[in-house]
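Here's the structure, in structure tokens; my notes come after.
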Amino acid sequence: MAVEGNVKKAAPSKGVKKTNFFREVKAEVKRITWPSKEDTKKAFLAVLVFTIISMILVGVMDYGFSNLFDLIYKLKK
């Protein structure tokens, strides 16, 4: 129970809690400043480039380590 000053307030029922929750969510969504279409495109492009570079880097490392391990196993035999 919440207390304001000397007055105790009864806890709201479950239905009221849910309604208040969704009202507050709606109010918060209205306050969001969404990025512009141009900003979204730039961010998407940056993520895409970073992902492609990461894929290439991991592929090169995988290929290199694979060949290195093959070389090590051939030397052991």
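A quick yes/no check of all residues on (1) in contact with a strand residue (DSSP E or B) (Cβ under 9 Å, 6 or more places away or on another chain); (2) among the acidic types (Asp, Glu); (3) modelled with pLDDT of 90 or more:
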site: Val7; (1), (2), (3): no, no, no
site: Pro12; (1), (2), (3): no, no, no
site: Lys18; (1), (2), (3): no, no, no
site: Glu38; (1), (2), (3): no, yes, yes
site: Lys42; (1), (2), (3): no, no, yes
site: Val47; (1), (2), (3): no, no, yes
site: Met55; (1), (2), (3): no, no, yes
site: Tyr63; (1), (2), (3): no, no, yes
Note to self: Restricting to segment 29-44, and then to whatever is exposed (fewer than 10 other Cβ atoms within 10 Å of the Cβ) and assigned to a loop (DSSP other than H, G, I, E, B), can you tell me which residue is farthest from the chain's Cα centre (by Cα)?
What the structure shows: Ser36
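The values are calculated or read from the model by the stated rules, or taken from the named source; none is laboratory data. Worth saying up front: this structure is predicted, and the values here are computed from it rather than measured. Cβ sites come from the backbone with ideal geometry, for glycine too, and all protein chains shown count toward neighbours.
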